[in-house]
Amino acid sequence: EPEVTQTPSHQVTQMGQEVILRCVPISNHLYFYWYRQILGQKVEFLVSFYNNEISEKSEIFDDQFSVERPDGSNFTLKIRSTKLEDSAMYFCASRPVTGLYGYTFGSGTRLTVV
Amino acid sequence: AQSVTQLDSHVSVSEGTPVLLRCNYSSSYSPSLFWYVQHPNKGLQLLLKYTSAATLVKGINGFEAEFKKSETSFHLTKPSAHMSDAAEYFCVVSASGGYQKVTFGTGTKLQVIP
């Protein structure tokens, strides 16, 4: 079964540094998403992306965050200047144009800001 | 608007006994519903999904869930718990239309007692 691939699986970064989390969605999917889960808390929506632009974003997704689809296969989440509270598991997801049947999450990137 | 309520934050069962994890949803549109499992320090694994086909959905590892529109419920069940089922389980809802972000419940931690 096709998978959403996220790299790296773990990343440790110093506070104030920029970090880029990478995702390779399923090849025929056109909607892309980022979610995050702070340790011990629920999974929260960050942003959705369609047709090379952000279609919806949450309050969490402030100016420190950005997303990009730099080529035909990757979907990235950038955090410009990381804070301690950005430490979380970040999940990428993608789905086809129609229907939710193919909504698929990646296995996540655990980001630790020290 | 959509929301999901997982009625129990913790459930404890003995190995070999049935599992019931409860989920109620609210959605303005016809919902799609999912159950995901997360083992400690791991990513999200899809157990099963309901997308307006059969109301009784069978998933992996012997789990199943029944969509009951009249009760707005999507409870997860398994006839006989195994030690490897100990994990956190998330009920997830998404409404049709729009960019279809999904909304997670707060999760239920399942403990299996030998």
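Observations, loosely collected:
- Across the accessible surface of the range A:47-105, with the other protein chains kept in place and a 1.4 Å probe, carbon and sulfur atoms take up 44 percent.
- Computed with a 1.4 angstrom probe on protein heavy atoms, the A-B interface buries about 1900 square angstrom of accessible area in total.
- In the full protein context, chain A carries 50 Å² of accessible surface per residue, based on a 1.4 Å probe and ignoring ligands, DNA and RNA.
- Taking all pairs of distinct alpha-carbon atoms in the range B:61-114, Kirkwood radius in angstrom: 13.2 Å
- Residue pairs, from the table A:K57/B:K109; A:K57/A:K78; B:K49/B:K101; A:K42/B:K109; B:K78/B:K109, whose Cα atoms sit over 18 Å apart: A:K57/B:K109
- Here, P(r) means the percent of Cα pairs in each 10 Å bin from 0 to the largest distance; for the range B:2-113 it is 15, 50, 29, 6, 0.
- Gain in span if fully extended, B:K68 to B:S9, counting 0.36 nm per residue against the direct Cα distance: 19.1 nm
- Test item: B:100-108 mean partner chain Cβ contacts at 10 Å: 6
- Taking the inverse of the mean reciprocal distance over all distinct Cα pairs, the Kirkwood hydrodynamic radius of the range A:37-76 comes to 11.5 Å.
- Of all accessible heavy-atom area on chain B, the percent that carbon and sulfur account for (1.4 Å): 52 percent
- Radius of gyration, Dmax [the protein assembly as shown; alpha carbons; angstrom]: 17.6, 51
- For chain B, accessible area per residue (1.4 Å probe, heavy atoms of protein chains only), Å²: 47 Å²
- Site pair A:Q11 and B:A54 shows an inter-label distance of 4.2 nm when each label is modelled 7 Å from Cα along Cα→Cβ.
The values are calculated or read from the model by the stated rules, or taken from the named source; none is laboratory data. Bear in mind the structure is a predicted one, so any value in this text is a computation, not a measurement. Using ideal geometry, Cβ is built from the backbone for each residue, glycine included, and neighbour counts are taken over all protein chains shown. With ligands, DNA and RNA removed, areas are computed over all heavy atoms of the protein, side chains included. Shrake-Rupley method; radii C 1.70, N 1.55, O 1.52, S 1.80 Å.
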